[in-house]
1. Ranked from the most accessible area to the least, with a 1.4 Å probe and all protein chains present, what is the order of 233, 182, 65?
2. Looking at the square roots a ≥ b ≥ c of the eigenvalues of the Cα gyration tensor of segment 228-348, which shape do they give, rounded for a/c under 1.5, prolate if a/b is larger than b/c, or oblate?
3. Assuming a viscosity of 1.002 mPa s and a temperature of 20 °C, what translational diffusion coefficient in µm² per second does Stokes-Einstein assign to segment 1-51, Rh being the Kirkwood radius over Cα pairs?
4. Please express the Cα-Cα pair-distance distribution P(r) of segment 55-152 as a list of whole percents, one per 10 Å bin, running from 0 to the bin with the greatest distance.
5. Rounded to whole Å and sorted largest first, what semi-axes of the equivalent ellipsoid does the C-alpha gyration tensor of segment 46-111 yield via the square root of 5 times each eigenvalue?
6. Report, in degrees rounded to the nearest 10, the 0 to 90 angle that the Cα long axis of helix 162-173 makes with the longest principal axis of the chain.
7. Any chance you could list the semi-axes, whole Å, largest first, of the equivalent ellipsoid that the Cα gyration tensor gives for segment 116-257, using √(5λ)?
8. Tell me, what is the 1.4 Å probe accessible area of residue 154, in Å² to the nearest 10?
Amino acid sequence: MDKLVIEGGVPLTGTINVSGSKNAALPILMASILAEEPITYTNVPRLRDIHTTNKLLSILGCPAEFEGDTVSVRPCDLKPEAPYDLVKTMRASVLCLGPLLARLGEARVALPGGCAIGARPVDLHLTALEKMGARFELEEGYIIGRCRKLKGAHIYFDFPTVGGTENLLMAATLAEGETILENAAREPEVVDLARFLIACGAKIEGHGTSVIRVQGVPRLHGCEYAIMPDRIEAGTFLVAAGITGGELLLTGCPWEELDAVIVKLNAMGMHIEKTSEGVLAKRRNGGLRGTDVTTQPFPGFPTDMQAQVMSLMCLAEGTSVVQENIFENRFMHVLELVRMGADIRISGRSAVVRGVKRLTGAPVMASDLRASASLVLAGLAARGTTHVQRIYHLDRGYERIELKLNAVGARIRREAE
Ligand code: UD1
């Protein structure tokens, strides 16, 4: 396994191009199962999770090929089984459940196991698909789903689950009649999926609001589609500008989708502005100040930016409080940040961060994707050398992060552990 060795203390200056969104690309690629014609996707990030998705699509009978930032998928003979070997490395594999049931009336998808950031069950996906006529059994670790033709239904989600909304949205496109998804997730990635499905001939209204209406159609055709930029990668680079006291211009950077993050970073003493060339981020004169952050479904502050902003809080004057409302166990980065000199106390779902003057380099262990990013950010600001071990997770979600950061002045080496 690789580790990143970071020599901290360099203000990052220059331009970084934001890659395509991982969390939009995963469901949109999975939606290839629904179409009866070839599809070409552009702006696809070259990440481990995307390679895993392409492998899974190929096993399910839709061969997927990557070239540059383009993925081409050819529909062939669909097969219903998503094997455990792939599903265990990527929980989002469960997103093939809705499309397989809609196309084949059958799906055998390995049950995703627990994961570092909480239990993450898929009960909301299954109950909603049952309302559309599917029946599920659990056999030898596999969810076996069967249905005749899926039927439109009125579904109310107890929680606006992102993956659940995506699974049901995909399933509903080919169902008989109308499906209404209430208390649906409003995340920009759900909106991107809906736009893609519409480009393939689906009839969808209300995406981006909490009530989505889908009129089933008999079939979906192919199309060419550009994946939206990654708001979490972009947000991570905004923090990199602030934590190192540098100045970064992000090209291809989302803006409205990052609103909640930008408001908080500005409140902490950053200056983030949209220009004709991209989004410019730097620290205002006067240093960083603490603030409070509560993670919420979109348009609230995203849980996927919580760890990165906490790294910034570590070096901000005063006290910050972080309340994590989406996942029950998403403070794995805290003890590692403490090893670098941070002052953080956890109490239930809250973390209290008291700003310190400096962080110092240390060997630290990455435990999940965004936790890894927070440790890289802390390492960029720390005095001395930080070894971020087990960066397997980082490679699942950030495209060539060390190359992108080195191009704006960082000193990061990738070494075998
Ligand atoms: C997606 C994102 C992830 C992000 C999360 C919340 C992808 C590939 N991943 O994950 O990066 O952090 O949204 O914005 O897009 N839950 C249940 N039962 C269910 C489904 C979810 O209890 O059937 C719970 C989960 O355990 C979790 C919460 O609901 O505590 C949020 O989950 P959900 O919105 O579904 O997130 P994901 O789609 O897994």
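The values are calculated or read from the model by the stated rules, or taken from the named source; none is laboratory data. In this text, all values refer to a predicted model and were calculated from it rather than measured experimentally. Reconstructed Cβ throughout: ideal geometry from the backbone, glycine too, with neighbour counts over all protein chains shown. These area figures cover heavy atoms from the full protein model, side chains too; ligands, DNA and RNA do not enter into them. Shrake-Rupley method; radii C 1.70, N 1.55, O 1.52, S 1.80 Å.
1. From most exposed to least exposed: 65, 182, 233.
2. The shape class here is oblate.
3. Working: Rh = 14.3 Å.
So the translational diffusion coefficient is about 150 µm²/s.
4. The distribution over segment 55-152 is 16, 45, 31, 8, 0, given as percents.
5. Listed largest to smallest, the semi-axes of segment 46-111 are 19, 15, 8 Å.
6. Roughly 30 degrees between the two axes.
7. For segment 116-257, the semi-axes come out at 33, 20, 13 Å.
8. Counting only protein heavy atoms, residue 154 exposes about 100 Å² to solvent.
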